[in-house]
Amino acid sequence: MSGRLPGSLNAFIAEPVPATITGNRAQHLPMSAPVAAAPNGSIRGAIALEGISRVFGGGVIAVDQINLTIQPGEFFTLLGPSGCGKTTLLRMIAGFETPDAGRILISGREMQNVPAHLRAVNTVFQSYALFPHLSVAENIEFGLRMRRIARPERKLRVDRIMALLQIDAFARRNPAQLSGGQRQRVALARALVNEPDVVLLDEPLSALDAKLRAELQVELMRMQKRLGMTFVFVTHDQHEALVMSDRIAVMERGRLLQVGPVLDVYEQPRSVFVAEFLGQSNIWKFATHAGNVAQTPIGNLVVGAPIGTQRTAMIRPEKIWLYPEAEAPGDRPNLFPGTVREAIYQGASTHYHVELADGAMILALDTNNQAAERSWGPGEKLVLELKPGNIMLIDG
Amino acid sequence: MDELSDAAGVPMSAITNAPQSGTAERAERLARAWRLWITAGPGLFWIVLFLVLPSMILLAIGFFSIGNYGNPHLPLTLTPIREVAGYSILGWSPANITTILRSLLQAVSAAGLTILLAYPVVFFIIAQPPALRPLLLLFVILPSWTNQVVRTYAWMELLGPGSALSHLAQTLGLLPPHLGLMPGLLAMQIGLTYNYLPYMVVPLYAAAEKLDWSLVEAGRDLYASGARLFWSAVFPQTLPGLLSGIILVAIPAFGDYVVPTLLGGGKSMMIGALIAAQFLQTPNWPYGAALTIFMLIFTCAGLLVFRVMSKRLGSSEGSML
Amino acid sequence: MSSRLAPPIRRALLLSSMPVYLLLYAPLALIAIFSFAPAPGGQAASLHWYGALWHEPDVLAALRRSVMLALGSSIFGTGLGTLMGFGLSRFRSRARSGFAAAIPSLIIYTPIIMPSLVFGIADLIFFNLLHKATGLFAAGLLTMGIAHVTFQAPYVALVVFARMSGLDPNLFEASHDLYANGWQSFFHLTVPVIRPAIIGGFLLAFTLSIDDFTISYFTAGPGSTTLPIYIYSAVARKGVAPDINALATLMIATVIGTGLLQYLFTRQKERRPMPRAGD
């Protein structure tokens, strides 16, 4: 399968956008359809979760009093380790599970007690869940058929979405005859063709190989921006979350730890868990401080801002500066000489596990823009600079 | 769905001021139960009404007195059970015990014979190219799709007084002149073996097809003779199939009705025919029901032994639903 | 795998299994040969006994009843069994275990493990009592049909359950996600997807009905003689007879022919993944 952006999509972008895709959205769900449509266009696609909780058998709380607002047209990602409750939360938005407490508003309407088939929400499943007895075109048509949309319009919309996703070539094939990437596109087309208020994606790329996954990440993101629909994406892959999302929510043990734009969450994690889950980090706890100097296990660390109640200092490996011993700037704070214990060459960058004088380990990353002249092997000595402005302070 | 099971790993400390019990979960469970009842309910109800309940009634009749027309009558009594054990006003007679033992023996030897016939066939099929195997298996099963009466009738033809086989037996002096190999115990044994052979082949084939040949390869270096290789590396692997086969053959053979009545004749009474006679000829329902209780006890004992043994073998046989 | 066995062993297997195949078919073949016995007073092989069958109204009536019974009970048994297999697979709580959760399985397995004789006699007594109490359920095709449905439904349920277990549970959620309500999901997703199991279950139910003698025999009434009962009574009365040979040969030929056709049909379908036209 071609990994390039489909030519037809380029053509499509140049054309005026057809009404049925992004036009008058209030008319997307005809009156004949038994689906609760948005009362007005402005909040169509908005999701509000108010105090949502869900308890499973044995008193296990999968989702714990979550409040969350997702804007119309946003690419929103729920990120967390498996078992954190993100899939349960997604399933409650889809209508496969009911919350024990709280309200779910979709496009401004209360939905927590509305069954799945009456919600203007469509899901792309991790397993794709393509109907094995139907062809690709029939799979995509299924939702329109269930809503009793007239046959000519059905055909029009199915053809258009298949062209958009470049799957028209195998419209007549059975799902069993498709590759993983093709199935993924069919599953996406099957959701998008209904022009729902919200598209839910439950780790839809996890079954694909790395290269295809990277291509589809970009394609999915562009598709979402083009169509302007709200996407709620669930993943445990932090890289995927960083690449695709407008905003992300990091979940753990049924609670939201941090919600915000990708950049904010990465640069300013508010907890150790977020810092460690999203990207790599060096973290030190400290008990005492003097002004803006934290007394950490590796020594005194000058930080950029005055220390309040925070008791944890964190720095990302890529924000550490590395110098050969001879070139180290002598007159600056936070200089730590060390010995390389392990150097992991990764093509674009190299990871160094450096042992400091007192035995503490620190992870630093160097971009290989001059790898030939500047690299260190195990046992070699260097100097690390932890610039005060690059050190983040975390509560707790 | 893994989310669901993973969630079980959340420690209770994470659970603070959230609702205590899952009301949504209870509602979902109720909805599931309701859907279960409207889909599976009618079928289950049907089986309970037309088999479980009638069987209970039949068993209960074994504890009634006999009425004037052989029908069950109050008061409740243990007389029919005692009669089955051989006690009557005339004293003790071993006739019933003999009949039960004879039926058991017939069932067990039928199982044994089917095992002897099934092993070569199963391994012959396994030795063929995979594309050919289903067809060869089908040829074993096909005869069993014809009605049991027809299959048994075929042996009446083969074993009757005028048949070639009977003539052969007569000339060899194995059989008095003018008599046939049928009716009799031998004919019954042949009939049962023939009728139930496919029920041994199919489970044995299923087990043999899954055979781990690497164990056989490993055994080849250890054991000198082919026979020892078979007993130590192949046979144990087919045990689950063999067990199912024995159950599938012995239980129906024990209570078979057609073979004893067509091939057995009057002298070698079997429990199936004896029970049927209490309902069809000399009506004595309580006595027939008491015989049925004994038969079911043996059947259940067989199933129990099978369950225990297959559990010990770690096989998942019969745990499909 | 086949190459792992040494040639002498393979030869021994062939030599020891051929007699078994012979044993399986020789009795049936013999019936067929004897069915072409000469007409009374004649010498040459003839089709006389087949002709005789054709003029025997009892045989034709028995055949009609057998087919009616098998068709009627299979349709009903397949319906009940399909719903049962579907429901148990979809809606049975997975969380619970123990005796209460095992009750449906116990009920379903009862007809399968119950010896036919006990099955037949239990129903004989039950319908007898029921008839005395209500005046309905007189022994006949109706009571036979009820008994047949009772043993067909569990087998159909097992076939359907096995098919359901092989399906992605997300499929059902996907159908609801795509706006199908419960019934739409059942008719547009479940039924088409498990159609092979339903057809297979129906064929199995039909075979079970045709193949059954014991249960039919005990639940039959005076006017409901089916083919196996007809043969059994004739044989029990007068032993081996040429017209019975002819009748048995026809039954054997039908079963073996149907079995082979079914095999060829399913093999054909397996080889070619079904291309489907749009709706």
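The values are calculated or read from the model by the stated rules, or taken from the named source; none is laboratory data. The structure presented is a predicted model; accordingly, all values stated were derived computationally and were not measured. As a convention, Cβ positions derive from the backbone with ideal geometry for all residues, glycine included, and neighbour counts pool all protein chains shown. Only protein heavy atoms, including side chains, enter the accessible area calculation; ligands, DNA and RNA are left aside. Shrake-Rupley method; radii C 1.70, N 1.55, O 1.52, S 1.80 Å.
When Cβ neighbours within 10 Å are restricted to other protein chains, what is their mean count per residue of peptide C:187-198?
2
Using a/c under 1.5 as the rounded threshold, could you call the stretch B:122-182 rounded, prolate or oblate? The axes a ≥ b ≥ c are square roots of the C-alpha gyration tensor eigenvalues, and prolate needs a/b larger than b/c, oblate otherwise. Taking the square roots of the gyration eigenvalues as a ≥ b ≥ c, the stretch B:122-182 is oblate. Once the convex hull of all Cα atoms in chain C is built, its volume per residue stands at 247 Å³.
So what's the angle, to the nearest 10 degrees on a 0 to 90 scale, between helix C:99-113 and the longest Cα principal axis of chain C? Rounded to the nearest ten degrees, it is 20. Helix C:141-165 and the long axis of chain C differ in direction by around 50°, with both axes built from C-alpha atoms.
For A:Lys319, give me every one of the lysines with a C-alpha distance below 21 angstrom, ignoring sequence neighbours fewer than eight places off in its own chain. Hits, sequence-local ones excluded: A:Lys285, A:Lys381, A:Lys387.
Annotation note: trypsin sites (Lys or Arg not before Pro) in the stretch B:241-321 located in DSSP loop regions with a Cβ neighbour count of at most 13 within 10 Å are B:Lys267.
Sorted largest first, the spans of the alpha carbon positions of the stretch B:169-303 along the three principal axes are 64, 45, 18 Å. Taking a cut-off of 33 Å, what percent of all Cα-Cα pairs in chain A are separated by more than that? I get 44 percent for the Cα pairs in chain A exceeding 33 Å.
Summarise the partner chain shielding of A:169-182 as one whole number: the mean count of Cβ atoms from other chains within 10 Å of each residue's Cβ. Kindly include the intermediate steps, with their values, before the conclusion.
On the way: counts 0, 0, 1, 4, 3, 4, 0, 2, 2, 0, 0, 0, 0, 0.
Whole-number average of other-chain Cβ neighbours for A:169-182 is 1.
Taking a ≥ b ≥ c as the square roots of the Cα gyration tensor eigenvalues, chain B comes out oblate, since a/c reaches at least 1.5 and a/b does not exceed b/c. For the pair B and C, the buried accessible area comes to roughly 8000 Å² in total, with a 1.4 Å probe and the value rounded to the nearest 100.
Every helix of 4 or more DSSP H residues in chain A counts as -39500 (n - 2.57), and over all residues that averages to -7000 deg cm²/dmol at 222 nm.
Among residues other than C:Leu141 with Cβ under 11 Å from its Cβ, the summed charge is +2 (Lys and Arg +1, Asp and Glu -1). Label zone of B:Asn68 (point 7 Å out along Cα→Cβ, amide N under 18 Å): in the stretch B:249-286 this covers B:283-286. The helix-based estimate of mean residue ellipticity at 222 nm for chain B, built from -39,500 (n - 2.57) per DSSP H run of four or more residues and divided by its residue count, is -20000 deg cm²/dmol to the nearest 500. Within 10 Å of the Cβ of each residue in C:208-215, the mean number of Cβ atoms contributed by other protein chains is 4.
Taken per residue, the accessible surface of the protein assembly as shown reaches 44 Å², heavy atoms only and a 1.4 Å probe.
Just check the stretch C:1-120 against the gyration tensor rule for me: Cα atoms, a ≥ b ≥ c as the square roots of the eigenvalues, rounded for a/c under 1.5, and otherwise prolate or oblate depending on whether a/b exceeds b/c. It is oblate, given that a/c is not under 1.5 and a/b is not larger than b/c.
Rounded to the nearest 500, the helix-only mean residue ellipticity at 222 nm of chain C stands at -25000 deg cm²/dmol, with each DSSP H run of n ≥ 4 adding -39,500 (n - 2.57). Take each peptide in A:198-210, B:239-251, A:373-385, count the other Cβ atoms within 10 Å of every residue, and average; sorted highest first, the result is B:239-251, A:198-210, A:373-385.
Taking the protein heavy atoms of chain B in the context of the full set of protein chains, the accessible area attributed to carbon and sulfur is 71 percent at 1.4 Å.
Taking both sides together, the accessible area buried where B meets A is about 1900 Å² for a 1.4 Å probe.
Relative to the longest principal axis of the Cα atoms of chain C, the long axis of helix C:195-211 lies at roughly 30 degrees.
Sequentially through the stretch B:261-270, phi angles give Karplus couplings (6.51, -1.76, 1.60; θ = phi - 60°) of 6, 8, 10, x, x, x, 6, 9, 5, 10 Hz, Gly and Pro residues having no value and appearing as x. When the chymotrypsin sites (Phe, Trp or Tyr not before Pro) in the stretch B:22-93 are filtered for DSSP coil states and for at most 10 other beta-carbon atoms within 10 Å of their beta-carbon, the remaining sites are B:Tyr69.
The label-point distance for C:Leu261 and B:Leu132, in a model that sets each label 7 Å from Cα toward Cβ, rounds to 2.8 nm. Note on the stretch A:212-339: dipole from Cβ charges, positive end direction compared against A:Ala294, A:Leu335, A:Ile320; the farthest Cα belongs to A:Ala294. Taking a straight line from the alpha carbon of A:Lys211, these lysines sit under 24 Å away, with near neighbours fewer than eight places off in the same chain left out: A:Lys225.
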